[in-house]
Structures are given as C-alpha cells and as structure tokens.
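The values are calculated or read from the model by the stated rules, or taken from the named source; none is laboratory data. As the structure is a computational prediction, the values presented were derived from the model and not from experiment. A quick note on method: Cβ atoms are made from the backbone with ideal geometry, for glycine too, and the neighbour counts reach across all protein chains shown. Ligands, DNA and RNA are stripped out before the accessible areas are found, and what is left, the full protein with its side chains, is counted by its heavy atoms. Shrake-Rupley method; radii C 1.70, N 1.55, O 1.52, S 1.80 Å.
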Amino acid sequence: MIALQSVTKHITDGRRKIPILDDVNLFIDKGEFVSVIGPSGSGKSTLLNILGLLDKPATGSYVFAGESVLSLSSGRLAAFRNQRIGFVFQMFMLLPRMNVLENVELPLLYSSLSRRERRRRSKEALAQVGMLEKTGQRAIHLSGGEKQRVAIARALVNNPELILADEPTGNLDDDAKHAILHIFSQLRRQGRTIVMVTHDVESARIADRCLRIHGGRISAYDFGVGSPAPAGLAALASPSAAASATVPDGASDRAAATASDGSAAPGLTSAGARPDDREEARP
Amino acid sequence: MRLARSFSAALHSMWDYKGRTFLALIGMLVSSLLLAFLLALLHNFQTSIEGQVQGFGLRQIVAMPGRVLNRKIGQFDLSTLLSITTLNSTLTYQDAVNVKKRVPGVVAAVPQTEIVASAHYGQKSTEILYTGTTPAFDKVFRLTLAEGRWLDQTDLQKMAQSIVLGAQTKQALFGKADAVGKTVVIKGVPFRVVGVLAPKELIGFNFDERAYTEYPMVIDTTNVRHASMIFFTVSNHAHVDAVSGQIDAVISSDHHGTKDYMLVKADEALHIVSILMKLVTAVTVGIAGVSFLVSGIGIMNVMLLVVNERTREIGLRKAVGAKSYQVLLQFLAEALIISLAGSGIGLGVSYGLLKLLGYYFAAISTQMPGYVVEYSLLFSIITGLVFGLAPALKAVRVQPVDALRYE
Ligand SMILES: Nc1ncnc2c1ncn2[C@@H]1O[C@H](COP(=O)(O)OP(=O)(O)OP(=O)(O)O)[C@@H](O)[C@H]1O
Ligand SMILES: [Mg+2]
C-alpha cells in the first residue's frame, strides 16, 4: 500500500540545513494499523504530511497503491487527497464558524457528489464516531474530545483507503482518549490502513505494530518485555477482546481473525516490516 | 455546479466577515451610484433638449449676431463653439423683409428685438423684456395662449399699441385677475393687453418674462435699432442647407459684405448639444472610473485581509482536496459578489434618486436607460475580477503544510 524509500527532508535556516527526516524507509501493507511514536519535534508530523501528499520529500521515492506519487501534478495530488486519503490533523483543524455537519462535508464539496449524497455520507461518518446528535452544533462550541471525533468523521467521509492521524489523542483526558482509541480500533477491524502518530505510549499500543522516530530515523518500537497494557486499553489493544466487543459486521470479524493470527495479516509477504521486526527493513 | 459551490462557499464566508464585506461593498455602491446617476441624468437632459429643439422645429434657421472667425459656418465642433466672437447686432427688420421677399424657400422671416424695461399696471410694476416682433412669431414657436389672442396683421399696420404678456409678467402685474383689455404702461406708452401666453419652457429661451408688441413700436419707443435675432422658417426640411446659403447671400449683400452675424440651424444646435454631452459624459465616466478604481483597491484590501486571516481555512480546504482553480474561483466569486451587490444597490439608489428628482423637477424625464445599467454592471464586474485576482492568487499560493502549522 505504501512504500517510502530513502526519503530525506530538511529545512533551511539561513545557510544551515537542518535535517528532519534522514533516509527513512517505510513499508505499510493494506489493512495494517501502524503507530508512530516519538518526542516532540522529531518529525512525526513531517512524515505524516509526506505520506498524506501534503509535503514533498527532498529526495527518495514514494509509491502509494502502486503509483509513484511524487511526480504527480498538484491537481492529481489534490484528487488523491480528496478521494483516497483521510487526514486527521494535529489540533483538529475544524472551521469554527461552521457546524459539525458542514465541517465533515468539507472534503465532499470538492468531489462530484450530489448534495443529498454528501449529506448522507457525512451523517454516516458522524454516526461512526457517535456524533450524529450534534450535527447542527457549531464546531467552536464542542469539547476537545467531540472536536476530535468530528475531525475523524471528516477523515472518514470520503471512505479513504488510507487514514492518517496526527496526535488524535493529544490534549485529551483519559475518557475522551479511550473513546477515540475505540474508534480507531473499530476502523482497524473494518480493514482500513491506518497510520497514527502519537507521543503517547498507551495510544501507540493499540496498533498492529509501532515505529519509533528519533533523530530523523525510523525504527521498530519496543514496548519492553512484560510491560502490561493499562486496564482500560487492554480491551482495545487485544484483538481477541476487540472481536467480542461492538461492531457486529462481518468485516470486523474477519479483520479480528487475521489480526489474532499474526502471520495471516493481509499482504505481509512484501518487504514491509512485521510487528516483531526490531529494525525497519531496508531494501 | 462547481461554480455554484464556489459561490455558495463565497457567500458563506462573506457572512462571516460582514463588517468588512459591507465596507468594501459601500465603495462599490458609491461608484456605481455616481456612474449610473450622472449618466442617467445626462441622458435625460439630452433627450429633453433634443425633444425641445425638435419641438422648435428642424425647419428653423436663426440669424444672430456673433461670428466664428475664419471658419466656415456649418462645421461646428467644440473648439468653434468656444471661439464664437460676440458682436453688436447689425441685423435689421429690413433683413427679414428682404429675405422673405427674395428667398422663395423661406415661408416666415420673423425678427425679434428686445430691451429690459419696466411695465406698470396701476400701482404694480415689474421688470420685463420689452420685445418687438411680427405676427408670424407665434407660428414659429407654436405658442399657446392662456387668454385672448396673439398679435395680428392689423396691429402691425395700425401700430395699434397692442401687447401680449408672458405668463410671469401677467402674474406679476395682475395676479389671478384677467389681463385682457387692461392697459399696461411701458416706456411711458400705454398698451392694451390683447393676449396672455401660457407658460412655456424652451431651454435657452425666455417667454414668460416678456411683453410682446409690434416690432416698429419697440424701435420707436427705445434707442434699440437692431434685431437681436431673426427666425426663418424653411418650407422643406430637406432644403435647409441650400436655403441657409441663400439667406446668407441676401443678408451679406445688404450688409455690404460684412459678416457680423451667423446662421444657426436646428440640426447644428442639436449637434452642439450632443458634442457638449459627449464631453460631459467623458468627464463623468472618467470620474466614475477613478471611483471604481478606488473601490476596487478597497475590495482588494479587504480580500487580502480576509485571505490572510483565513490562511488556515484555505490550507485545510486544499489539504482535503480543493484544487487550485477551486480556491481561485471561491475568492474571485467573493470579490465579484461584493462588487455586483454594491453595484446593484447603487443602481437601485440612483433609480430612486432619479425618481425623486423627477418629482421635484417635472421638466426632466426620469428614465434609467438600459445602457447605463449595463455599463455600471460591466464596470463592477471588471473591477471585481481585476482587483479580486491578486487576493485569489494569494489564496492559491497558500501551502497546506504551512497553513496547518499556522497558529
Ligand atoms: N516549515 C517549517 N519551518 C521551520 N521549521 C520546521 C518546519 N517544518 C518543520 N519544522 C521543524 O521540523 C521539526 C519536526 O517538526 P514536526 O512538526 O514534524 O515535529 P513533530 O514530531 O510533529 O512534533 P510535535 O510532536 O510537537 O507535533 C521541528 O523541529 C520543527 O520545528
Ligand atoms: Mg506534530
């Protein structure tokens, strides 16, 4: 699904070049849920922006669903973002004066869907995050957790192949955090490909595998042997527990089944890193 | 469909910036008001004048003192108009008589002479233009009488001391009472009032403050010796130019070749009016153009501010898939809506003003010609597009990554 090879990115401060990403290689399979953990300023958002076709690396290649996307025109990139990627931005990025429904509908305004269809899909996405009752409310009046759920609904509304989430649990209290993580585990069970950036170890745990970004380089993250998941998160993180919880559709059962049987995860025959790999594979 | 969405997005965000949108709109409103109102006023003024000149008759030629030096009469343009040299009149009653006698195409030759004098009736007196003319005068101007009759041939032959009062003269001396049959004293001569004119408006002429009597009476009772104007009526409009040449030949030979008068045809008068109108219209459009420029800059400023403040929103829209042209359209649409709305309201207000003006000055017609509306809308659309372009391009250049980082 995603193959990032030898990607570097730096910023120029006067004459000095400050590296942000240094020779990053990343392979993510369809249906995988990958979390990226790292300290503030380590380049997590930069990586996600590159994955989300919002930013371009200085060097390297990026193949998205078999297509080399770095050479695409800005119009084609916009279409890619519009139809194939759902982005949950850091700090919500809702339009404060618009209501919840309008915020969620925003990406569809740039599609060719009819107004009715746009409304239907927006409501569907809001239902998925449990925000259907607040469609008419202005974004500015929502709580942090509610804002994040609306932001997730907006990322889902175009039914994307890839969901990118930048700190979706940042600045939220425990209850709100758990609600958000619950949504992500549901999405995982629907078979979506997800990359979630966080600096919160507990949140990172619910993914199939976790990567660490440090000093511009990526490596597999080790949670430490025997460190138990906190009680509330255990249910979310453990696929077997998740399978018995909510979401009664067939897709989730299948996803849960493959996830519990680690080796049967879809598409893992590629050069992509496995959850248990110590180092990110390099070709 | 896409365009409709751009417009609805534009409307939405304009509502969020009501105050500024309103200010930008005011500028446009004023510009449009200025242009539409002044152009409509000029248009109505011109049609009124043309109507009156045509009412006066296209078969008229007027001889009047004054000359355009070293230039052929008949080739009027603005500079000739400005170089008319005024002279004391040398036109005479005899000129009128000679032209009538020798030029067959002339059906009426009516001299007019006048001097300021006071008219007395009992205790009342008023300043008037004591005017001498001939009985055919009322045919030339198609005068309507409010009372009595116009001067006739017997008055002229018998020097009957008959007089016809203009509407205002009558009002000043008699108020609402009848004037016919009463005696008015001018220059110490008692005149019997035989008629009163209905009020008449003809731009450039004054009928209401006069008292008309036989031409020789005025010459006999004052030191005026010359006609101020001679009005000629030509039998056929098509022959006006030829007849004008013949009249010129007759008068100039009687004046021993001295050209100290000019002949003005109704067509020419219209031509002069239209030249003046073109000049004034050009000035008006110029002023309005400057005003549109200023309001365009106003729109640009407001839109640049709005784009600045909405960098995050623009970045977000682009991040979720808005293409450059869609962002461009949204902001162009916004500038266009501001300018069109301002212009629309401006047109409405100028229409209202025009009607108001018509209410107070009944003589001026109050049409809002279609071309004025078209011009205003066209100006505002162009202004909106031209000055909306820079902010819209600025919006297009917003990079989603930078905008999302924006706090
Ligand atoms: N446009 C830019 N201008 C200046 N510095 C930048 C720019 N983009 C990124 N950086 C720098 O690059 C580094 C990585 O930024 P990035 O936003 O990717 O970090 P992050 O891991 O997402 O941090 P956080 O957890 O605080 O969100 C930071 O030091 C940041 O200051
Ligand atoms: Mg970040």
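Structure data summary
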item	result
Every pair of residues 6+ apart whose Cβ atoms lie under 8 Å, when the first sits in the stretch A:33-55 and is within 18 Å of A:Phe92 (Cβ to Cβ) and without any contact (Cβ under 8 Å) to a residue 12 or more places away in the chain while the second is hydroxyl-bearing (Ser, Thr, Tyr) and in a helix (DSSP H, G or I)	none
The lone exception for A:Ile2 - which of (1) farther than 23 Å from A:Asp208 by Cα; (2) more than 13 Å from ligand 2 (Cβ to nearest atom) it fails	(1)
Yes/no for B:Leu270 being open to solvent by less than 60 Å² (accessible area, probe 1.4 Å), away from chain A (no Cβ under 14 Å), assigned to a helix (DSSP H, G or I) and at pLDDT 90 or above	no
Residue ranges of helices (runs of 4 or more DSSP H) in the stretch B:308-407 with at least 3 members more than 14 Å from every other protein chain (Cβ to nearest Cβ) and crowded, with 16+ Cβ neighbours inside 10 Å	B:324-360, B:370-396
Residue in the stretch A:123-130 that is open to solvent by less than 10 Å² (accessible area, probe 1.4 Å) and within 16 Å of ligand 2 (Cβ to nearest atom) present	no
Matching residues, the stretch B:170-204, being under 13 Å from B:Ala146 (Cα atoms) and of a type outside the set (Gly, Ala, Ser)	B:Lys170, B:Gln171, B:Lys176, B:Asp178, B:Val180, B:Val193, B:Val194, B:Val196, B:Leu197, B:Pro199, B:Lys200
Checking B:Val53 against (1) at pLDDT 75 or above; (2) open to solvent by less than 40 Å² (accessible area, probe 1.4 Å), the condition it does not meet	(1)
B:Ser253 vs. criteria open to solvent by 30 Å² or more (accessible area, probe 1.4 Å), of a type in the set (S, T, N, Q) and either under 30 Å from B:Ile26 (Cα atoms) or modelled with pLDDT of 85 or more (or both)	yes
Tabulated pairs, the stretch B:6-23, first more than 10 Å from chain A (Cβ to nearest Cβ), second of a type outside the set (Val, Ile, Thr) and surrounded by fewer than 18 Cβ atoms within 10 Å (Cβ to Cβ), C-beta under 7 angstrom, 6+ apart or interchain	B:Arg20/B:Leu305
Verdict on A:Leu106 being within 13 Å of ligand 1 (Cβ to nearest atom), surrounded by 23 or more Cβ atoms within 10 Å (Cβ to Cβ) and within 14 Å of chain B (Cβ to nearest Cβ)	no
Of residues in the stretch A:80-98 being buried (at least 19 other Cβ atoms within 10 Å of the Cβ) and not in a loop (DSSP other than H, G, I, E, B), the one nearest to the other protein chains (Cβ to nearest Cβ)	A:Asn82
Test: residue in the stretch A:137-146 that is in a strand (DSSP E or B), within 22 Å of B:Leu316 (Cα to Cα) and aliphatic (A, V, I, L, M)	no
Boolean, A:Gly60 is within 14 Å of another protein chain (Cβ to nearest Cβ), surrounded by 15 or more Cβ atoms within 10 Å (Cβ to Cβ), in a strand (DSSP E or B) and away from ligand 1 (no atom under 15 Å from the Cβ)	no
Wholly enclosed helices (runs of 4 or more DSSP H) of the stretch B:83-188 bearing at least 3 residues surrounded by 18 or more Cβ atoms within 10 Å (Cβ to Cβ) and touching a residue at least 40 places away in the same chain (Cβ under 8 Å)	B:93-102, B:137-141, B:167-174
Failed item, numbered, when A:Pro19 is tested on (1) under 18 Å from A:Arg192 (Cβ atoms); (2) away from ligand 2 (no atom under 13 Å from the Cβ)	(1)
Subset of the stretch A:155-186 [hydrophobic (A, V, I, L, M, F, W, C) and more than 10 Å from the chain's Cα centre (by Cα)]	A:Leu156, A:Val157, A:Leu172, A:Ala176, A:Ala179, A:Ile180, A:Leu181, A:Ile183
Top-ranked residue of the stretch A:63-79 - restricted to ones that are part of a loop (DSSP other than H, G, I, E, B) and of a type outside the set (A, V, I, L, M, F, W, C), ranked as nearest to the other protein chains (Cβ to nearest Cβ)	A:Ser73
Qualifying residue in the stretch A:25-47 (condition: outside any strand (DSSP E or B), under 22 Å from B:Arg397 (Cβ atoms), within 14 Å of chain B (Cβ to nearest Cβ) and within 16 Å of ligand 1 (Cβ to nearest atom))	yes
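Let's see how each residue does on (1) part of a helix (DSSP H, G or I); (2) crowded, with 17+ Cβ neighbours inside 10 Å; (3) of a type outside the set (Asp, Glu); (4) within 16 Å of ligand 1 (Cβ to nearest atom):
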| site | (1), (2), (3), (4) |
| --- | --- |
| A:Gln148 | yes, yes, yes, yes |
| A:Ala153 | yes, yes, yes, no |
| A:Leu164 | no, yes, yes, yes |
| A:His182 | yes, yes, yes, no |
| A:Leu187 | yes, yes, yes, no |
| A:Met196 | no, yes, yes, yes |
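Residues are listed down the side, and each one gets a yes or a no for (1) open to solvent by less than 60 Å² (accessible area, probe 1.4 Å); (2) of a type outside the set (Ser, Thr, Tyr); (3) away from ligand 2 (no atom under 12 Å from the Cβ):
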position	(1), (2), (3)
A:Ile11	no, yes, yes
A:Arg15	no, yes, yes
A:Gly38	yes, yes, no
A:Leu54	yes, yes, yes
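Conditions (1) part of a loop (DSSP other than H, G, I, E, B); (2) within 20 Å of A:Thr169 (Cα to Cα); (3) at pLDDT 50 or above, marked per residue:
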{"position": "A:Ile206", "(1), (2), (3)": "yes, yes, yes"}
{"position": "A:Leu211", "(1), (2), (3)": "no, yes, yes"}
{"position": "A:Ala235", "(1), (2), (3)": "no, yes, no"}
{"position": "A:Pro248", "(1), (2), (3)": "yes, no, no"}
